[in-house]
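Every read-out reported here was derived from the displayed coordinates using simple, explicitly stated rules and does not represent laboratory data. These figures come from a predicted structure and were not determined experimentally. A quick note on method: Cβ atoms are made from the backbone with ideal geometry, for glycine too, and the neighbour counts reach across all protein chains shown.
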């Protein structure tokens with residue numbers, strides 16, 4: 001019996017052991033198969049997903065500093081922008097992800113694809129800008145489909161906002177995306193692809209002040225590259241705030257007066273050189289440049305014959321016309337080739353060599369002395385003064401007055417103009433200077449070229465007694481924490497090389513231009529303020545060229561440019577102005593009214609205390 005029981009127990013044990021072994025083997029097989037599935041079949045995918053559950057660093061762009069006018073009125077600030085970014089590492093397959101993004105958010109597939117192609121060479125794990133400022137509707141759609149769009153992220157940045165669209169466009173400038181060449185420069189060492197930097201105007205020249213310090217944050221992301229949590233943040237530091245010298249009210253008035261014209265109007269403080277208004281017409285809307293101009297808009301700007309992208313105030317170079325007679329008069333008096341009382345007879349022309357040089361008044365001015373010659377802008381008088389001086393002496397005084405040299409204003413690409421002399425012409429053309437050419441230069445024609453800003457600075461020097469200040473647009477710069485880090489003071493660039501007596505006579509002549517009974521700018525008079533000035537009519541082409549045109553008429557492109565320079569009040573100047581209207585024909589009718597209204601606008605407002613008082617150099621009211 002016992003033997004039988006032992007046999008039964010042994011058989012039962014073997015069965016149980018076999019069952020256990022089968023279970024163990026089955027479990028081992030299942031485990032091995034699972035390992036094969038995970039590590040071989042799905043190994044690459046799960047490896048990528050594992051690696052992507054990682055810690056990453058994200059950049060935080062710094063807000064640009066704000067820009068104010070001299071009175072603290074805000075001109076430029078920042079607004080929120082919803083920007084699309086792509087992480088190439090997480091978005092695979094990239095083409096499929098981009099396709100879904102374009103479909104969901106109604107975005108241009110071609111534009112997105114082009115952008116992706118442009119960033120393929122960048123850091124593979126770092127988010128790259130895909131599209132800027134997508135708007136709130138697209139933001140909502142992308143957020144709703146975030147799990148269907150791996151590698152796509154939305155970041156909220158601060159985008160530049162020019163509060164008064166088009167106001168002071170050439171002065172303020174605009175920002176744009178940094179390009180490849182700029183990224184290679186040391187000045188932009190802390191910038192990255194997709195960053196916005198100053199491209200034009202003070203946005204560019206004050207870039208180092210306006211651009212802040214980048215921040216960052218440490219984040220944990222999931223397998224789709226989406227942020228799970230923020231671990232640590234280092235906030236960005238805002239750029240510095242800039243206070244300009246311009247008066248936004250006067251700037252706006254200048255642009256209103258220049259609307260539908262081409263040209264420039266500049267107003268500055270003759271006691272300091274501070275720019276109060278600088279308008280170039282036509283203008284453009286700076287906000288269009290931030291997210292990128294369309295091809296149609298860009299073509300419309302660059303093909304516009306009135307050149308809206310050119311800052312005519314500092315880049316436009318024009319013959320100074322009769323405004324140059326102020327220099328000829330100063331040089332003639334200072335060199336002693338004329339006296340204040342000497343008279344010259346003007347029959348309406350001056351015979352020199354084999355040519356008749358005409359006066360603008362065909363019937364002539366009769367007997368004229370210095371004051372009458374300035375007031376009535378007699379060409380014949382200044383022909384003869386120029387002849388007596390010679391081109392080299394005339395050019396020396398023009399150079400000393402600041403012509404032919406950039407003024408040094410805080411804007412890029414400033415024109416220098418041309419002050420011609422015998423050496424210049426020989427070097428430029430290989431032809432010797434002809435005596436008759438001096439006559440043309442003496443009345444501001446010929447090879448002469450100036451910028452409106454140069455003429456404004458020169459006029460201010462005449463107004464203040466002979467001090468030529470370097471013009472400035474920056475009044476002060478204040479750091480993000482409220483500390484003043486820059487405060488501009490007047491900088492003297494030179495002095496007019498004439499005696500107080502000479503300057504007083506020139507000032508009297510300019511007073512007669514506006515206030516005299518026969519002055520060429522009587523239209524510029526104001527009831528309660530005396531203004532001193534000088535008109536000019538700059539020939540675009542010769543009279544013979546106009547007469548040879550098909551219909552014998554002066555078509556618009558052949559019409560003369562209109563000049564007017566002025567300062568006011570005559571006895572205690574607070575404002576110096578230069579205005580040019582392209583193809584405006586007559587300074588008295590086209591440019592002088594603009595100056596008159598600017599003076600009226602400015603003097604109606606309470607005056608800022610002067611930065612520096614400058615000697616008057618004698619009476620100005622004649």
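Axis angle, to the nearest 10 degrees, between helix 109-119 and the longest C-alpha principal axis of the chain: 90 degrees. Listed by Cβ neighbour count within 10 Å, with the fewest neighbours leading, 180, 405, 271 appear as 180, 405, 271. In this structure, residue 256 and residue 571 have a Cβ-Cβ separation that, at R0 = 35 Å, corresponds to a calculated FRET efficiency of about 0.75.
Be a star and scan the stretch 155-179 for residues whose amide nitrogen sits under 17 Å from the point 7 Å along the Cα-to-Cβ vector of residue 300. Zone members listed by number: 165-167. Axis angle, to the nearest 10 degrees, between helix 135-144 and the longest C-alpha principal axis of the chain: 10 degrees. Taken along the Cα-to-beta-carbon direction at a fixed 7 Å, the label points for residue 181 and residue 518 span 5.7 nm. Here 586, 561 are placed in order of increasing Cβ neighbour count within 10 Å, fewest first, which gives 586, 561.
Entry for the stretch 293-450 at q = 0.11, 0.15 Å⁻¹: log10 I(q)/I(0) = -0.52, -0.83, Debye formula applied to identical alpha-carbon scatterers, no solvent contribution. Each of 21, 455 has some number of other Cβ atoms within 10 Å of its Cβ, and from fewest to most they run 21, 455. The long axis of helix 452-464 is offset from the longest Cα principal axis of the chain by roughly 50 degrees. With the simple model of a label 7 Å out from the Cα in the direction of the Cβ, residue 604 to residue 165 spans 2.7 nm. Of the three principal axes defined by the Cα atoms of the stretch 55-244, the extents in descending order read 52, 33, 30 Å. If you plug the beta carbon distance of residue 491 and residue 399 into 1/(1 + (r/R0)^6) with R0 = 25 Å, you get a FRET efficiency near 0.85. Between residue 34 and residue 222, the FRET efficiency estimated from the beta carbon spacing at R0 = 25 angstrom works out to 0.55. Which whole-number percent of Cα pairs in the stretch 131-176 have a distance greater than 12 Å? Everything past 12 Å amounts to 71 percent.
Every helix of 4 or more DSSP H residues in the chain counts as -39500 (n - 2.57), and over all residues that averages to -10000 deg cm²/dmol at 222 nm. Dividing the alpha-carbon radius of gyration of the chain by the rule-of-thumb value 2.2 N^0.38 Å gives 1.44.
Between the C-alpha center of the stretch 71-91 and that of the stretch 366-412 there is a gap of 52 Å. Compared with the alpha-carbon gap, the fully stretched path from residue 558 to residue 111 is longer by 156.5 nm at 0.36 nm per residue.
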